[in-house]
Amino acid sequence: MLKEIITFSLFGQQVTLYYYGFFLLLAVLAGVLILYRELKKRQLETKRILDNILWILLCGVLGGRLAYVLFHCGYYLDNLSEIYQYWYGGFYFGGAFLGAFIYVFAWLYLKKRQELLSWLDASIEAIFVSYAVASLGSYIAGVQSGKMFAESLSKHPFELYQAIAYVTLFFLATASYRYVKNLQPGDIFFAGMILSGITQFVLAFALDDSLIFRIGSLIFNPVHILALLVLTVGVIGLIMKRRNT
């Protein structure tokens, strides 16, 4: 059960504020603030951020829910009516950021194609911060998706591992922009994707085995698959960009 911050009455209705929802909101706000700061630092336009924030949030929510349903497809194939009932729980941050990123990438490609790589460099730091805050919120809220320690009744604090990892990635990205010379637009973004893919792949070994699914004799961990996809896109993007410069 998710931990509550406070429960109060509003217009005769009981309203409960959960740590989970509070940190999701905090993650969005932190991401927007970091993105604004990085855009200003790179002398890029900032006024369109708030114009698109509603669509970004919508795509993020849809992506997070869809990813959770896909990762638990065995259950939802038997309970189709619960797919849209997100209020009962079930949300994957990786899917949320993927959904939001697809929208942002499409918008940038159509509206800001000449500045696309610079915008992506700015966005990767915002993504890392948002992911770290959301993961910390999950840990504080009592979400436990880690596997059991060997010969122990406790679980790996997967969400805490993830929060620490993405805070580290954020500082690496920030330090790279400040101290690494001869960086080209897109270098930080694609390098960030590579590091994020490696990070998620390693952390996935601490996930609960219930997330693993089987197709015939093949065993899949969906987080490993997603991590490899992110890693591959990062490597291909960095290689193609370097060849074109």
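Here are a few things to note about the model shown:
- The set of residues from the range 166-186 being within 21 Å of the chain's Cα centre (by Cα) and among the β-branched types (Val, Ile, Thr) comprises Val167, Thr168, Thr174.
- Any pair with Cβ under 8 angstrom, 6 or more apart, that starts in the range 229-245 at a residue that is of a type in the set (Lys, Arg) and ends at one that is surrounded by 13 or more Cβ atoms within 10 Å (Cβ to Cβ) and in a helix (DSSP H, G or I): Lys241/Leu117; Lys241/Asp187; Lys241/Phe190
- Hey, Ala122 out of contact with any Lys or Arg (no Cβ under 9 Å at 6 or more places or on another chain), closer than 20 Å to Glu38 by Cβ and not acidic (Asp, Glu) or not: no
- Residue within the range 130-147 that is touching a Gly at 6+ places or on another chain (Cβ under 6 Å) and either of a type in the set (S, T, N, Q) or surrounded by 23 or more Cβ atoms within 10 Å (Cβ to Cβ) (or both) present: yes
- The selection criterion, being buried (at least 16 other Cβ atoms within 10 Å of the Cβ), among the aromatic types (Phe, Trp, Tyr) and at pLDDT below 85, does not hold for Trp119.
- Qualifying residue in the range 114-130 (condition: β-branched (Val, Ile, Thr) and outside any helix (DSSP H, G or I)): no
- Any hit, the range 75-89, residues being outside any helix (DSSP H, G or I), hydroxyl-bearing (Ser, Thr, Tyr) and at pLDDT 75 or above: no
- Wholly enclosed helices (runs of 4 or more DSSP H) of the range 152-245 bearing at least 1 residues in contact with a strand residue (DSSP E or B) (Cβ under 8 Å, 6 or more places away or on another chain), modelled with pLDDT under 80 and surrounded by 15 or more Cβ atoms within 10 Å (Cβ to Cβ): 222-243
The values are calculated or read from the model by the stated rules, or taken from the named source; none is laboratory data. Just so it is clear, the structure is predicted and the values come from calculations on it, not from any experiment. We place every Cβ from the backbone using ideal geometry, glycine too, and count neighbours over all the protein chains shown.
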